[in-house]
Amino acid sequence: MPGGDSYISPPIGNYPWETLKKVAVEEIPSLWKGIEVKPLPEDYHVLEEYSIREDLAKVVIASPPGSTLEPMYFVIEVPLSPEEIKILEQLKDILSKELEPPKAGEEEDAKRVLIETADKLLRKYGKGLGTIDEDSKRKLFYYLERDMTGFGPLNVIMEDYRIEDISCDGVRVPIYVWHRDYESMPTNIMFTDRDALDDYIIQLAHKSEKHISSAFPILDAMIYGKHRLAATFREEVSPKGSTFTIRKFREKPFSITELLRSNLLNPEMAAYFWLLIEHKANILIAGATGSGKTTILNALACFIRPRMKIVTCEETAELNIPSENWVRFVTRESYGLGSLKTGEITLFDLVRTSLRYRPDYLVVGEVRGEEAFVLFQAIATGHGGLSTIHAESIESVMKRLVSPPMNIPPSHIPLLDAVALVERVSLPRAFMGKTFGRRIRYIWEVVDYGRYVTIAEWDPL
């Protein structure tokens, strides 16, 4: 490792090394200014730990001492020595000037180029840095990838497949996560500086190829990897400052067999849905936010026969259907300022356009406005329909459909064949180590407006 105040020579490009002053090791700043990562207290009771990157990063779920179980999510990463931090900062400075930021869809290539370039720099100019062993190099490459092509201090959480949601409620509030096994819990990571949080949200916006600023302080976008980002900027709409939530989605969607194994539904329910879809029936999945509506919708869409033409319409691209004969439409925001809606393409526009594609099945990510009327017009002409809706009972589903802005005439309600309600529930007995889970609570067959037959009901016992 380097000794004293040595620094590396100019490697490539026009990097102004002549202006770089020698920096003493004790003056090297922390990896991320304005972000605090608390260590795991020794007296905490460890409930579980698992590796994210072998020997580099892991997650520890621990609870403070006491009789009450209060799980907390700890991100533990391999530490760097002051000398390694110094080298890392110099490498990041060079690479950020020499390499283009990764574009959407090119992240894996960007990671490969980043590591290859960093390796060449270390091999070519390693003498100015002292001896760098393979262990140090591996740690440096990990942090380079994490900070330059990943999600920085939240990268471990993003790579944890058991995390569903990540949320930041402001400065000096711990980052919260929704864990599949422990539900909502705080982490050991916290933004301590407003500017650091603002900068991080701007980076997230860049990853989604969108813009956020004081003039446009609300962002709803998709980050590469199909993760959904919602963010607010500074105090324009959130008095406590910038906030964000990332809803993670699996690269490979849940199959119907996985949902059966998780007991979200039973084989009889799955067979009933399969029979309906075989006959181009129209199904609506109801539930609250985060209940699993889109997961079920995607799994049911896999029942559609392979040669049938599927058209999907979504506000954010969440569906992933394993079919070649699939046309995907996604809404587009306006290019105009203020109340101008220049170039905006709404869900209503997409559903209306989809009818010209002669779909066998029309799948709408979620109905909440006037697009519902067009969807019902489509299913009235023989198209199959699948969609989701925010509602917590069959009565609220019906009320939402016939009320503004959907305005479905009650006479059109019988066009809907079935409604399923999915909820997060507490389990009377632990299932696969969990005391809570998602379940399809009810399946109703629609007879008419206000008339429906209960086909299936979840029995907690």
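For region 231-241, the criterion of being under 18 Å from residue 167 (Cβ atoms) and of a type in the set (Lys, Arg) is met by at least one residue. Selection over region 57-87 of residues that are surrounded by fewer than 17 Cβ atoms within 10 Å (Cβ to Cβ) and not in a strand (DSSP E or B) gives a count of 11. Being among the aromatic types (Phe, Trp, Tyr) and either at pLDDT 95 or above or closer than 26 Å to residue 118 by Cβ (or both) holds for only one residue in 216, 191, 249, and it is 191.
Looking across region 223-246, the residues that are touching a Cys at 6+ places or on another chain (Cβ under 9 Å), hydroxyl-bearing (Ser, Thr, Tyr) and outside any loop (DSSP other than H, G, I, E, B) come down to 243, 245. Can you tell me which of 146, 194 is buried (at least 17 other Cβ atoms within 10 Å of the Cβ), assigned by TED's automatic domain parsing to the domain that holds residue 36 and touching a Gly at 6+ places or on another chain (Cβ under 7 Å)? After ruling out the rest, the residue left standing is 146. Restricting the first member to region 346-373 and to residues that are free of Cβ contacts under 8 Å to residues at least 60 places away in the same chain, and the second to residues that are assigned to a helix (DSSP H, G or I) and β-branched (Val, Ile, Thr), the beta-carbon pairs closer than 6 Å and six or more apart or on different chains are 351/374; 352/374; 371/351.
The rows are residues; the columns are (1) more than 18 Å from the chain's Cα centre (by Cα); (2) closer than 25 Å to residue 333 by Cβ; (3) part of a helix (DSSP H, G or I).
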| residue | (1), (2), (3) |
| --- | --- |
| 170 | yes, no, no |
| 178 | no, no, no |
| 196 | yes, no, yes |
| 209 | no, yes, no |
| 221 | no, yes, no |
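Before we move on, is residue 270 touching a helix residue (DSSP H, G or I) at 6+ places or on another chain (Cβ under 8 Å), at pLDDT below 95 and among the aliphatic types (A, V, I, L, M)? It is false that residue 270 is touching a helix residue (DSSP H, G or I) at 6+ places or on another chain (Cβ under 8 Å), at pLDDT below 95 and among the aliphatic types (A, V, I, L, M). The residues on offer are 201, 189, and the sole one that is surrounded by 17 or more Cβ atoms within 10 Å (Cβ to Cβ), outside the structural domain of residue 307 (by TED's automatic domain parsing) and assigned to a strand (DSSP E or B) is 189. If I filter region 105-122 down to residues being of a type in the set (Gly, Ala, Ser) and part of a helix (DSSP H, G or I), which single residue comes out as modelled with the highest pLDDT? Of everything passing the filter in region 105-122, 118 is modelled with the highest pLDDT. Residues that are touching a residue at least 60 places away in the same chain (Cβ under 8 Å), part of a loop (DSSP other than H, G, I, E, B) and either farther than 26 Å from residue 164 by Cα or among the hydrophobic types (A, V, I, L, M, F, W, C) (or both) within region 250-280 comprise 264, 265, 280, listed in sequence order.
Within region 422-441, restricting attention to residues that are buried (at least 19 other Cβ atoms within 10 Å of the Cβ) and not β-branched (Val, Ile, Thr), the residue that is modelled with the lowest pLDDT is 438.
Only residues that are within 19 Å of residue 32 (Cβ to Cβ) and surrounded by 19 or more Cβ atoms within 10 Å (Cβ to Cβ) were counted in region 161-173, giving 3.
Any residue at all in region 413-421 that's surrounded by 15 or more Cβ atoms within 10 Å (Cβ to Cβ) and without any contact (Cβ under 8 Å) to a residue 24 or more places away in the chain? Step through it out loud before you land on a result.
In the first step, residues of region 413-421 are kept if they are surrounded by 15 or more Cβ atoms within 10 Å (Cβ to Cβ); the result is 413, 415-421.
Filter once more, keeping what is without any contact (Cβ under 8 Å) to a residue 24 or more places away in the chain: none.
Among the residues of region 413-421, not one is surrounded by 15 or more Cβ atoms within 10 Å (Cβ to Cβ) and without any contact (Cβ under 8 Å) to a residue 24 or more places away in the chain, which makes the answer no.
Taken over region 315-331, the residue count meeting the criterion of being within 19 Å of the chain's Cα centre (by Cα) and either part of a loop (DSSP other than H, G, I, E, B) or at pLDDT 95 or above (or both) is 8.
For region 237-286, the tally of residues that are on the phi > 0 side of the Ramachandran plot and buried (at least 20 other Cβ atoms within 10 Å of the Cβ) stands at 1.
The values are calculated or read from the model by the stated rules, or taken from the named source; none is laboratory data. Quick caveat, the model's predicted, so the values are computed rather than measured. Using ideal geometry, Cβ is built from the backbone for each residue, glycine included, and neighbour counts are taken over all protein chains shown.
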